[in-house]
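Since the structure comes first, as structure tokens, the remarks are kept for the end.
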Amino acid sequence: MLRDADSVIAYIVYKYILLYDMGANMNFSLKHQPSYSLLHCELSQGESIKAESGAMVYMSEHITSETKFGSGILSALARKFLGGESLFVNTFTAQSGGTFVGFANDMVGDISHYQLNGTLFIQSGSYLCSSPDIKVDPKFGGLRTLVGGEGLFLLKVTGSGDLFFASYGAIIEIDVKDKYIVDTGHIVAFEESLQFNVKRVGGWKSTLLSGEGLVCEFSGAGKVWIQSRVPNGFIGWVSKLLPR
């Protein structure tokens, strides 16, 4: 009798864990990677996802959209003018099962998924969408980011849930165990466990004439995501073709 009771309890616990896991993870697929990536999300009734303004490509019926300031008015203003992000975010909520919504970045490039449980730092412009409870705020990166030419602010993303970030070009995930050096323009995201220091490639002559600029040296243990192309490179190439 006791053995049967233990079996019932074990089965109930198993079903509870299974249902919890199903609710905690979003049902999604990434298509057309890495050049023209598109995120397709299938939502169950009552499930929501929030995204940058203008990120939605398509959606089925029975989905409502609510537009509001990012994480409050002050945070939204900081995101807009200091972090390079949209002033508003849209939250899409399924009113019935079997609904779907698709998202894409403005730039030609890749999309990556990260199961957030804590904090992740993302370069401005790379946040695409996330679970509704995840918080996105600008983060002062210090004078080293100003000198690096990548802007004063990173985006500090905190909470638990599904996070999607985008790039220009393909996204490459790197497992840092000691030190790793990346050109500042190629950084997409990195984990909080990593420390970073912006420095010159060589002397000032190399920095100014080599075209490499400044690099970011990561140290510690954690993951960093880089993009295979940089927008400034494309802009520079296009500008050479424009009539003078």
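Quick one: order THR64, THR91 from most to least accessible surface, probe 1.4 Å.
Ranking THR64, THR91 by accessible area, largest first, yields THR64, THR91.
Length gain on complete extension for the stretch LEU242 to HIS32, per 0.36 nm per residue less the alpha carbon to alpha carbon distance?
Residue separation times 0.36 nm, minus the Cα-Cα distance, leaves 72.6 nm.
How far apart, in nm, are two points set 7 Å out from the Cα along the Cα-to-Cβ line at SER193 and at GLU217?
2.2 nm
Between their Cα atoms, which of LYS68/LYS139; LYS179/LYS199; LYS179/LYS223; LYS50/LYS135; LYS50/LYS156 are more than 19 Å away from each other? Could the numbers behind the result be given before it?
Working: LYS68/LYS139 21 Å; LYS179/LYS199 14 Å; LYS179/LYS223 11 Å; LYS50/LYS135 10 Å; LYS50/LYS156 16 Å.
Correct reply: LYS68/LYS139.
Order HIS113, HIS62, most accessible first, counting only protein heavy atoms with a 1.4 angstrom probe. Display every interim value, and only then the final one.
Details: HIS113 55, HIS62 105 Å².
Listed by decreasing accessible area, they come as HIS62, HIS113.
Arrange the peptides 33-43, 228-238 so that the one whose residues have, on average, the most other Cβ atoms within 10 Å appears first.
Answer by packing, highest mean first, reads 33-43, 228-238.
Provide the per-residue ³J(HN,Hα) series for region 113-124, in order, calculated from phi with Karplus coefficients 6.51, -1.76, 1.60 and θ = phi - 60°, each as a whole number of Hz, with x at glycine and proline positions.
Listing the rounded values in order: 9, 9, 7, 7, 8, x, 9, 9, 9, 10, 5, 4 Hz.
Can you give the FRET efficiency for GLN115 and ARG200, using 1/(1 + (r/R0)^6), R0 = 35 Å, r = Cβ-Cβ distance, to the nearest 0.05?
0.45
The values are calculated or read from the model by the stated rules, or taken from the named source; none is laboratory data. Computed from a prediction, not measured in an experiment: that's the story for all the values here. As a convention, Cβ positions derive from the backbone with ideal geometry for all residues, glycine included, and neighbour counts pool all protein chains shown. Accessible surface areas use protein heavy atoms only, side chains included; no ligands, DNA or RNA. Shrake-Rupley method; radii C 1.70, N 1.55, O 1.52, S 1.80 Å.
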